[in-house]
Amino acid sequence: MIHQAIKDLLGKYNLKSTVDYENALKEIIQQATLAGLWRAGFFNHSAFYGGTALRIFYGLQRFSEDLDFTLLKPQSEFNFNKDFVAIEEELSSLGFSVEISEKKKSIESNIESAFIKADTVINIIQVGAPADIVNLIPKGKFIKVKFEVDLNPPGTFETENKFLLEPIPCSIKLISPSYLFAGKMHAMLFRKWKNRVKGRDWYDFAWFVRMGIPLELKHLYSRMVQSQKYDKRNKFRREDLMELFTFAINNLDVEKAKRDVLPFIKNSNELDIWSQDYFKQLFEKMIIN
């Protein structure tokens, strides 16, 4: 029997294919995870950010697989255990069967990572997928949702609370959009992603500009200093950002960027306008605080 909260969430999706059901399942797991973390008091000391935060709370029309969090203040000692228990209890209460495991670091970093792992077939059945959909999914296939916490947040930032109404009403602390934009700009300018273009960063950049969300320049500067991309002895102004952006856009392979983001959006026509000139004009329209 499907939990009523799951029925309510599924009613928002146009479910026709295995991919539709898998993405819906991932999104429901993400929202239930947030609810579990709220119950555990996680947002007393942490905030939610990243693409999934933008999609759930601000209307970004792009699917995002990961859950990204930052502590509000640097903390060297951090333990996932209480949070894992809360997440498992929340998902179990909705009928889901998952495993949560911490990712072992191969190199020292300020990021702690974990994976929420769910057997696709078992949990797709739980959300009421018809037999013809279930039969198309290979046995042994798993859905994974990555969960990351930044233990040493850069500089200062503002937060705001947003209400998540499903699967249960709860309050989630998020980094405010202008600071999210600064974090996205930092990723866009400096992210090294397996020698591939992360078109999702450029998609999000365009969304921030179209939404009229200003970029917090001081926060971008703090991120650049922390990641050793900029000398803190130097001032950082709009023209300095323009220089960095121009270098990035001149080296952008637009077609590769399109191919990266395509699986994560529903309307591929959004990408027809993409070009270096398009992104340059967006930069000129960008509001900077």
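The values are calculated or read from the model by the stated rules, or taken from the named source; none is laboratory data. Remember, it's a predicted structure, so these values are computed and weren't measured experimentally. For neighbour counting, all protein chains shown are included, and Cβ atoms are generated from backbone atoms with ideal geometry for every residue, glycine included.
If Glu65 satisfies every condition in (1) of a type in the set (D, E, K, R); (2) over 16 Å from the mean Cα position of the chain (by Cα); (3) closer than 23 Å to Phe264 by Cβ but one, which is the exception?
For Glu65, the exception is condition (2).
Of all residues being modelled with pLDDT of 95 or more, out of contact with any strand residue (DSSP E or B) (no Cβ under 9 Å at 6 or more places or on another chain) and assigned to a loop (DSSP other than H, G, I, E, B) in the stretch 190-232, which is surrounded by the fewest Cβ atoms within 10 Å (Cβ to Cβ)? Just the residue, please.
In this case the residue turns out to be Gly212.
Which ones in the stretch 256-280 are of a type outside the set (Asp, Glu) and not in a helix (DSSP H, G or I)?
Ile265, Lys266, Asn267, Ile273, Trp274, Ser275
Regarding the stretch 46-58, can at least one residue be identified that is part of a loop (DSSP other than H, G, I, E, B), under 23 Å from Ile168 (Cβ atoms) and either assigned by TED's automatic domain parsing to the domain that holds Pro153 or free of Cβ contacts under 8 Å to residues at least 40 places away in the same chain (or both)?
Checked the stretch 46-58: at least one residue is part of a loop (DSSP other than H, G, I, E, B), under 23 Å from Ile168 (Cβ atoms) and either assigned by TED's automatic domain parsing to the domain that holds Pro153 or free of Cβ contacts under 8 Å to residues at least 40 places away in the same chain (or both).
Can Ser178 be described as under 28 Å from Ser46 (Cα atoms), exposed (fewer than 14 other Cβ atoms within 10 Å of the Cβ) and among the hydroxyl-bearing types (Ser, Thr, Tyr)?
Spelling it out, it is not the case that Ser178 is under 28 Å from Ser46 (Cα atoms), exposed (fewer than 14 other Cβ atoms within 10 Å of the Cβ) and among the hydroxyl-bearing types (Ser, Thr, Tyr).
For the stretch 246-255, indicate whether the set of residues that are of a type outside the set (Lys, Arg), touching a strand residue (DSSP E or B) at 6+ places or on another chain (Cβ under 7 Å) and assigned to a loop (DSSP other than H, G, I, E, B) is non-empty. Don't jump to the end; show me each part of the working.
Restricting attention to the stretch 246-255, the residues satisfying the condition of being of a type outside the set (Lys, Arg) are 246-255.
Of the ones still in play, those that are also touching a strand residue (DSSP E or B) at 6+ places or on another chain (Cβ under 7 Å) are none.
Checked against the condition, which is being of a type outside the set (Lys, Arg), touching a strand residue (DSSP E or B) at 6+ places or on another chain (Cβ under 7 Å) and assigned to a loop (DSSP other than H, G, I, E, B), the stretch 246-255 yields no hits at all.
Residue-by-condition table, conditions (1) touching a residue at least 12 places away in the same chain (Cβ under 8 Å); (2) within 24 Å of Arg39 (Cβ to Cβ); (3) surrounded by 15 or more Cβ atoms within 10 Å (Cβ to Cβ); (4) not assigned by TED's automatic domain parsing to the domain that holds Arg39:
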| position | (1), (2), (3), (4) |
| --- | --- |
| Phe69 | yes, yes, yes, no |
| Pro74 | yes, no, no, no |
| Ser92 | no, yes, no, no |
| Phe96 | yes, yes, yes, no |
| Ser109 | no, no, no, no |
| Gln126 | yes, yes, yes, no |
